[in-house]
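Chemist: Could you have a look at this structure, given as structure tokens, before my questions?
Taken together, the values in this text are just the output of simple stated rules run on the coordinates, not laboratory data. No experiment lies behind these values; they were computed from the predicted model shown. Because the Cβ atoms are built from the backbone with ideal geometry, glycine has one as well, and the counts that use them run over all protein chains shown.
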Amino acid sequence: MRNAAGATIRLALAVFAVSISFAAAVAAQEISVQGIDADMKILVDKFTKENPGAKVNFRVVSYQSILESLPVQLASGQGPDVSMVADWGGLARYYLNLRPYVDAKYFEREFAAILPPMRGEEPRGNAINGMSGSMTLNGAFVNVTLFKQAGIALPGANATWDDWAAATRKVAKATKTDMAMEMDRSGHRFASLAISYGAKLVDENGNFVADEGLKTAIRKFVQWHREDVMPMDLWGAVGGATHRDNFQDFLNGKVVFYFGGSWTLNKMDSEVGDLFEWMVPDAPCGTSSCTVMPGGGAMVAFKHTRQPRLAARFLAFLAREDNMRAAIGNRVSIPVATTLVETGVEYPGASAPLREALASFTRQVPKIPPAAYAFQGWRYQRAALNSMTTRISQVLTNELTVDAAVAYIKKDVDLAIQAARK
Amino acid sequence: MTAINLQWSDRSILLLRQAAALPARLVEPLMVVLQKVLGVARLPWVFLLPNLVVIALFSVLPVLINILYSVTGSDNLYPSERHFVGLANYATLLECQNYLDPSTCSRDLFWRAVGNSLVFVPVQVAVMIGVALLTALILNRRIRARAFFRGIFFFPVMLSPVVVAMTWVWLLQRDGALNGMLGSLGFARVSWLTDPARAFKWSIFVTVWAHMGFYMVILLAGLQSIPADIYEAAKMDRASPWRVFTRITLPLLKPVLLVVFILAVIRSVQTFDEIYVLTGGGPGSATKMIVHYIYETGFAVMPRNYGLAAAASLMLGAVLFVFTALQMKLSRGGRDA
């Protein structure tokens, strides 16, 4: 009887030990991943099929959650194992360096442009902090129908911002359109204009640069508002860091030229259709370059993960050419990886204008200067963007002069850096 | 049949009484022990304890945490990862060569927000109380559909401030309803929110529109508490309406008016949501108020400067504390009278 009881206890202990080790084994193959795109589930399912035993808990979150909740989660040592991030450089201190786990040469070749900005304060290091299959780009949308109605030729491939301002003003006047040009109230959008006019924004030591390029861009921007080329409803109507867009104006044919970004392409296709002819022109030029700011999300793993190998394997899987090609084709987005930019991507189901617009956006990728990537990956980029938005609006309402605004932007960013480092 | 019903009714009352007494019976032994241990004088603290715990957790602790953040620096969230900086955050906020010229201050936007609030609060409170009093006086008279109008004026109070502000944005924007109406009447469109002075006035209007109903109800209750025979006596003496208002209504309404005044000032200083949605503090910084500055500094701008935001909020808290103490004193005085 005593033997039977002992055997039962031993059996129970053995079962318990096996179940513990099994649970541990299962846990050892499990990661949590979050993104904003439900389509990623297709790739997650494919990954788990190719990696039996690996479990990926995928959840879709809002973009706002990525911007506001994720930094707080990471600051408190929480958060998923892998996530999409929007603030590439700002969160770099939390990223897992994938170099020991992935084919480093492949990552360096395919993501050469985005790896330095993802290193945050150490852009010249050799860390591989993540990948980005697709990107968003700032860019202009032009109502071609209004140009045709006005009988005015579209500015050419190397047209400057001034050329566009002059042409759209004429078109708006001839067609009695409400507005000639509009730009989202966003420091990121304004940075495209500033870099085109030679603004460096951030130097090699990670300090903000308030140079003549920035001043010139602000002067032009203010002048366009004073001349009614741009309405006050966006930059002149609100204060602080508030983001505001009026893309609805472009959809409703109330503006000739709208400077927004590639994320509205699907909206253009579905809501405008063939109501009017539209196009995405080449990036307007300044005195320094013809460029737009890159943006969008990157996928990263975090240092706090207990499964660095699996997290890295998952990111390497996302970075595989066939997977990136399929994801970009489905999502109708702009590729980042060198091979895809060079060879192009098929967009099954996309309309002709949409395909043309995507091709136009993709053509801008190689033109993006290092300054734009450096600024995009800078840890204190948000401080600069918020300050630019705030101070430029103050110039528009005559609270500040351009020179004072530039001095304030510099001071705001320096104080933000100082406060963060304090 | 009625007798049976009564019996049932009596029984159910009895059952309910027994059920209600059950918790008291259950805790009675514990109370006896506590009374023996603590004594009768200290026993009330036991009853106050649940409330004290709630107040400590949700009021005192956040204030203490706020103080801790205000004397520490860095953009780290965990207090253990933040460094002690003493009163540096307060000094940064107060650093100014000329307080009348915000551009000479280290944090010019804070002082612009202070300046805006100093204009906004008195004007908004004066308009608020004036309109609320006028409405209460009208709705205190025997007019047609009085209950309907009372409901209508109170309705905005029940709406979310964001809903209120969004509604007014749609009305006031370039292609909004107001410009649509002006256009249909042959007038030119007006930029209601892009002109700093106009945007400031609309901020006052929208906040008054949204909260006036609340104060109107308090004043209405105050008006109804004034004995009718005083008015009848005044009528017999052929006192003019203005004299009745200045010599009877206003003096007797004074305690209520004081409470309304203090509440309105506190609410006005705290104004944030409606203006944030309506103008985002703009154009420029024309409608940026103190709470807006605190929000932007602590939560909207990266890297987040929790220390500076905490220092600014504690300074605002000190101002509100003065008003709250005043309100408590006045309301107590009113009650004693």
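Chemist: A 27 angstrom limit on the alpha carbon distance is what I want to check against. Which of A:K41/A:K267; A:K220/A:K411; A:K267/A:K367; A:K105/A:K303; A:K254/A:K411; A:K46/A:K303 exceed it? Could the numbers behind the result be given before it?
Modeler: Numbers: A:K41/A:K267 22 Å; A:K220/A:K411 22 Å; A:K267/A:K367 25 Å; A:K105/A:K303 22 Å; A:K254/A:K411 38 Å; A:K46/A:K303 25 Å.
Those over the limit are A:K254/A:K411.
Chemist: With a 10 Å Cβ neighbour count serving as the proxy for reagent exposure, in which order, fewest first, do B:F154, B:F245, A:F259 appear? Walk me through the numbers before you get to the answer.
Modeler: Working: B:F154 17, B:F245 14, A:F259 24.
Going from sparsest to densest Cβ surroundings: B:F245, B:F154, A:F259.
Chemist: Turning to a different aspect of this structure: Take peptide B:300-310, look around each residue's Cβ out to 10 angstrom, count Cβ atoms belonging to other protein chains, and average those counts.
Modeler: On the way: counts 7, 10, 16, 11, 8, 7, 1, 2, 3, 0, 0.
Averaged over the peptide's residues, the number is 6.
Chemist: Please find the FRET efficiency linking B:A221 to A:D37, where r is the Cβ-Cβ separation and R0 is fixed at 51 Å, and quote it to the nearest 0.05.
Modeler: Efficiency for this residue pair is about 0.40.
Chemist: Continuing with the same structure: Quick one: in the stretch B:115-292, what % of C-alpha pairs are over 28 Å apart?
Modeler: Values: 5558 of 15753 pairs.
So the portion of pairs separated by more than 28 Å is 35 percent.
Chemist: Write down the Å³ per residue value for the convex hull defined by the alpha carbon atoms of the stretch B:242-337.
Modeler: On the way: hull volume 11.2 nm³, N = 96.
Cα-based convex hull of the stretch B:242-337, divided per residue, equals 116 Å³.
Chemist: Regarding the stretch B:219-266, what's the average projected area of the Cα-atom convex hull, expressed in nm²? Don't jump to the answer; show the numbers that get you there.
Modeler: Details: hull surface 13.4 nm².
Approximately 3.3 nm², given one-decimal rounding.
Chemist: Could you work out the local net charge near B:N140, counting Lys and Arg as +1, Asp and Glu as -1, over the other residues with Cβ closer than 12 Å to its Cβ? Walk me through the numbers on the way to the answer.
Modeler: Values: positive: B:R141, B:R142, B:R146, B:R150; negative: none.
Net local charge, B:N140 excluded: +4.
Chemist: Positive end of the charge dipole of the stretch B:115-292 (Lys, Arg +1 and Asp, Glu -1 on Cβ, about the Cα centre): tell me which of B:Y276, B:S240, B:A210 has its Cα farthest that way.
Modeler: Highest projection toward the positive end goes to B:S240.
Chemist: How big is chain B in terms of Cα radius of gyration and Dmax, in angstroms?
Modeler: 27.1, 88
Chemist: If amide hydrogens are placed 1.01 Å from N in the peptide plane, which non-local residues have theirs closer than 5 Å to the one on B:C105?
Modeler: B:Q97
Chemist: I'm checking a number: the convex hull volume of the Cα atoms of chain A, normalised per residue, in Å³. What is it?
Modeler: Working: hull volume 68.5 nm³, N = 422.
Dividing the Cα hull volume of chain A by its residues yields 162 Å³.
Chemist: Return one quarter of the surface area of the convex hull spanned by the alpha-carbon atoms of the protein assembly as shown, equal to its mean projected area, in nm². Write out the running numbers ahead of the final one.
Modeler: Values: hull surface 213.7 nm².
Over every viewing direction, the Cα hull of the protein assembly as shown projects on average to 53.4 nm².
Chemist: In addition: Quick one: length gained pulling A:D45 to A:F276 fully straight, 0.36 nm per residue minus the C-alpha distance? Show your work: numbers first, answer last.
Modeler: Numbers: separation 231, 0.36 × 231 = 83.16 nm, distance 4.00 nm.
Contour length minus Cα-Cα distance gives 79.2 nm.
Chemist: Kindly write out, for the stretch B:305-314 in residue order, the coupling ³J(HN,Hα) from the Karplus curve 6.51 cos²θ - 1.76 cosθ + 1.60 (θ = phi - 60°), rounded to whole Hz, with x marking Gly and Pro.
Modeler: In residue order, the calculated couplings are 9, 4, x, 5, 4, 5, 5, 5, 5, 5 Hz.
Chemist: Only Lys, Arg, Asp and Glu count, each charged at its Cβ (+1, +1, -1, -1), so figure out the dipole size of chain A about its Cα centre, rounded to 20 debye.
Modeler: Details: 45 positive and 41 negative charges, 261 e Å.
My answer is approximately 1260 debye.
Chemist: Another question about this same structure. What is the spin-label model distance, in nm, from A:A352 to B:A126 if the labels are put 7 Å beyond Cα along the C-beta direction?
Modeler: Simple spin-label model gives 6.6 nm for this pair.
Chemist: Turning to a different aspect of this structure: Just how large is the dipole of the stretch A:228-374 about the Cα centre, in debye to the nearest 20, putting +1 at every Lys and Arg Cβ and -1 at every Asp and Glu Cβ? Walk me through the intermediate numbers first.
Modeler: Numbers: 13 positive and 14 negative charges, 207 e Å.
It works out to roughly 1000 debye.
Chemist: Can I ask one more? Take B:L26 and B:D229, extend 7 Å from each Cα along the Cα→Cβ direction, and tell me the distance between the two endpoints in nm.
Modeler: So the two model labels end up 5.2 nm from each other.
Chemist: Ok, one more. How far apart, in nm, are two points set 7 Å out from the Cα along the Cα-to-Cβ line at B:I55 and at B:V119?
Modeler: The answer from the label model is 4.0 nm.
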